[in-house]
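Below you'll find the structure, written out as structure tokens, and then a few comments.
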Amino acid sequence: MISPEEVKKILLSAKILTEDQLSSTVEKAREKGVALEEYLIDNNMVGENVLYEAIANFLRVPFTDLREQTIRKDILSVLPEAIAQKHHIVVFDKTERDLKVATLDPFNIQLFEFLKKKVGTNISIHLTSPGSMKTALSQYHKGLSAEFKKITGENEAEGALEQTDLKKLAEDLPIIRIVDTLLEYAIFENASDIHIEPTENQTVVRYRVDGVLRDAMTLPKTAQAGIVARIKVLSKLKIDEHRLPQDGRFKISSAEHNIAFRVSILPVYDGEKVVLRLLNESSHLLTLEQLGFQMRALELLRQSIKKPHGIIYVTGPTGSGKTTTLYTIMNILNTPEINISTVEDPIEYRMPRVNQSQVNPKIGFTFANGLRSLLRQDPDIIMVGEIRDNETAEIAAHAAMTGHLVLSTLHTNDAPTTLPRLSEMGIPSFLIASTSNLIIAQRLVRKICMGCIHSFTLNKTAVEELRKRFDLDAILGVLEKESIIQSAKAPIESMLFYRGKGCKRCNNSGYKGRVGIYEALDVTKKMAELILINSSTEKIRQQAIADGMLTMLHDGFIKAKNGITTLEEVMRVTKE
């Protein structure tokens with residue numbers, strides 16, 4: 001829209017950055033290969049609206065934020081959705097004299113002339129921000145119910161949903177449109193999973209958004225066979241196999257996104273249940289700071305990834321963000337001087353210059369066999385998708401002993417439990433003590449929506465409930481030690497906490513996006529001594545806390561007090 005030099009001028013004249021800050025930021029943006037504006041917003045150096053308002057002032061055009069505006073359907077439809085999406089332009093208001101248009105590119109004269117001729121009135125051009133534009137474009141979506149009513153209504157008379165030939169059914173136009181719409185809305189709502197579940201009389205569609213499942217749509221039972229057949233065709237699975245589970249994948253690519261769908265089909269009592277996992281291959285990898293690590297955990301992790309050998313374990317249940325953490329670490333380590341090899345199941349994200357292998361147990365390519373083969377490939381760093389058995393654990397430990405840095409995941413509930421779990425797998429205690437560098441346990445909590453955040457104080461009932469579940473005095477002591485509160489003796493009833501009221505931006509949920517809560521257990525000399533004598537989980541936990549470890553619960557309370565998440569979310573994911 002405007003040149004990088006002009007952006008620099010705007011940032012300096014609006015006093016958003018100093019000369020020194022600007023030069024270092026320009027350099028970092030160049031290294032990352034992203035536009036300066038994008039780098040500033042992604043790294044929270046400046047608010048999106050503040051930056052685009054400054055640009056609007058420089059260009060001498062009005063600025064408008066469309067996030068909280070509901071645009072009338074007749075005004076929105078002046079411009080077809082295809083043109084609006086392609087050119088990032090929205091008609092948002094109409095007066096007797098002119099048509100108000102929001103855009104990201106106020107220099108697109110050709111488009112404005114076309115619009116002026118089409119509507120026969122003057123055009124008033126307003127600049128908006130990318131986030132505001134995304135919200136405005138979302139208003140073209142009618143909602144799943146309206147979309148499906150239209151699709152099924154058009155075809156009911158023909159009985160198109162009741163065919164028996166599965167191949168024909170999968171290629172039937174209404175079925176294709178139903179599946180396409182399900183996928184499109186899931187992408188649009190940033191869902192991580194789609195569940196298509198048969199019941200006795202209907203088909204229920206649910207989306208998992210920010211880690212929580214919610215109903216999206218109920219379809220007629222007659223649509224079930226066609227939807228499953230269509231997804232099987234897309235995933236190259238056997239259409240006529242209804243008794244055995246099947247797994248597959250397919251991809252959708254467009255200018256806006258590049259999404260891989262991992263498909264799992266399971267026979268259940270009323271038919272076949274389909275679960276699709278969405279993996280956004282075009283999403284930017286986050287930094288360790290953006291993942292939500294506290295300062296000490298961040299420092300420990302940075303020290304551990306600089307070590308030439310040893311193992312970093314990332315633990316937690318399925319869907320707790322372990323893979324994202326590992327890929328973020330690999331992205332930091334991925335330089336031309338280093339050879340990184342992985343063995344994964346499945347490969348969730350493609351990384352340039354990283355040699356990624358997909359396990360295939362059917363042909364004997366297991367984690368253990370894959371790991372053995374990797375060791376002959378002269379790797380510096382090895383990433384093992386998951387340690388599931390004794391053989392894989394032992395090979396990983398020996399690889400760490402012979403001068404490799406190993407990254408892996410393990411299914412345990414917290415960091416201290418990991419060490420006894422490795423012993424149970426049959427790994428000698430001396431090998432665990434000498435190869436383990438760092439253990440990170442994590443969960444994902446929903447972030448409070450910044451569009452509707454408000455503060456509140458806890459009432460007596462809420463405080464009593466918290467005291468029943470937690471050692472509040474110990475938690476307040478940690479908050480004081482971390483300089484989050486001034487004094488642990490201050491009554492918790494006087495402290496401000498935060499939650500979201502619910503607004504258009506967050507679909508009235510009060511939450512938007514997710515962040516991690518972590519505990520990082522450093523294997524110090526004292527910890528290694530405890531491992532050698534096979535100490536209990538409780539003794540390991542006490543030593544880790546004595547060494548300065550913040551538990552996930554403590555990290556959660558810090559983030560709740562700082563207005564990043566809510567106490568309810570911390571309690572939901574820690575389940576203490």
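The values are calculated or read from the model by the stated rules, or taken from the named source; none is laboratory data. Just so you know, these numbers come straight off a predicted model, no measurement behind them. Every residue, glycine as well, gets a Cβ built from its backbone with ideal geometry; the counts of neighbours run over all protein chains shown. In case anyone asks, the SASA skips ligands and DNA or RNA and just uses the protein heavy atoms, side chains included. Shrake-Rupley method; radii C 1.70, N 1.55, O 1.52, S 1.80 Å.
Here the gap between ASN508 and ASP20, fully extended at 0.36 nm per residue and compared with their Cα-Cα distance, gives a gain of 171.5 nm. Pairs of lysines in the range 246-353 whose Cα atoms sit within less than 29 Å of one another amount to 5, provided the residues are eight or more positions apart or on different chains.
Using θ = phi - 60° in the Karplus curve 6.51 cos²θ - 1.76 cosθ + 1.60, the 3J(HN,Hα) couplings for the range 545-555 round to 5, 4, 6, x, 6, 8, 6, 4, 5, 4, 4 Hz; x is entered for Gly and Pro. Summarising the strand pairing of the chain, around 65 percent of its internal DSSP beta bridges are antiparallel.
Among the trypsin sites (Lys or Arg not before Pro) in the range 193-300, those placed in a DSSP loop whose Cβ has at most 15 other Cβ atoms within 10 Å are LYS236, LYS238, ARG243. Checking the cross-link pairs LYS9/LYS116; LYS481/LYS512; LYS539/LYS561; LYS8/LYS118; LYS221/LYS362; LYS116/LYS512 against a 31 Å limit on the alpha carbon distance flags LYS9/LYS116; LYS8/LYS118; LYS221/LYS362; LYS116/LYS512 as lying beyond it.
Ligands, DNA and RNA are left out, and with a 1.4 angstrom probe the accessible area of the chain is 50 Å² per residue.
With K and R counted +1 and D and E -1, the other residues having a Cβ less than 15 Å from that of ARG30 yield a net charge of -3. Note: relative contact order over the chain, using C-alpha pairs below 8 Å and six or more positions apart, is 9 percent. Consider all pairwise Cα distances in the range 217-264 and report the whole-number % of them above 15 Å. Considering the range 217-264, 53 percent of its Cα-Cα pairs are separated by more than 15 Å. Taking a virtual spin label 7 Å from the Cα of LEU266 along the C-beta vector, which residues in the range 349-377 bring their backbone nitrogen under 19 Å of it? From the range 349-377, the list is empty. Using 1/(1 + (r/R0)^6) with R0 = 35 angstrom and r between the beta carbons of LYS32 and ASP215, what's the FRET efficiency to the nearest 0.05? With R0 = 35 Å, the Cβ-Cβ based efficiency is 0.35. Taken over the Cα atoms of the range 320-469, the convex hull encloses 180 Å³ per residue. Taking amide H positions as modeled 1.01 Å from N, with prolines and chain starts lacking one, no residue 5 or more places away or on another chain lies under 5 Å from ILE347. Fully extending the segment from GLN358 to ARG302, taken as 0.36 nm per residue of separation minus the present Cα-Cα distance, adds 17.4 nm. Averaging over all projection directions, the Cα-based convex hull of the range 496-546 occupies 6.0 nm² in the image plane.
Working note: Cα atoms of the range 439-576, range along each principal axis, descending, whole Å: 55, 32, 25. As an equivalent ellipsoid, the chain spans semi-axes of 42, 34, 25 angstrom, where each value is the square root of five times an eigenvalue of the C-alpha gyration tensor, largest first. Among residues other than SER408 with Cβ under 11 Å from its Cβ, the summed charge is 0 (Lys and Arg +1, Asp and Glu -1).
Considering all different alpha carbon pairs of the range 275-383, the Kirkwood hydrodynamic radius works out to 15.3 Å. Using a probe radius of 1.4 angstrom, the carbon and sulfur fraction of the accessible surface of the range 309-430 is 50%.
Rounded to the nearest 0.05, the FRET efficiency derived from the C-beta distance between ASP74 and ASP473 at R0 = 60 Å is 0.50. Around LYS362, with a cut-off of 14 angstrom between Cβ atoms, what is the net charge of the other residues, counting Lys and Arg +1 and Asp and Glu -1? With Lys, Arg at +1 and Asp, Glu at -1, the net is -2.
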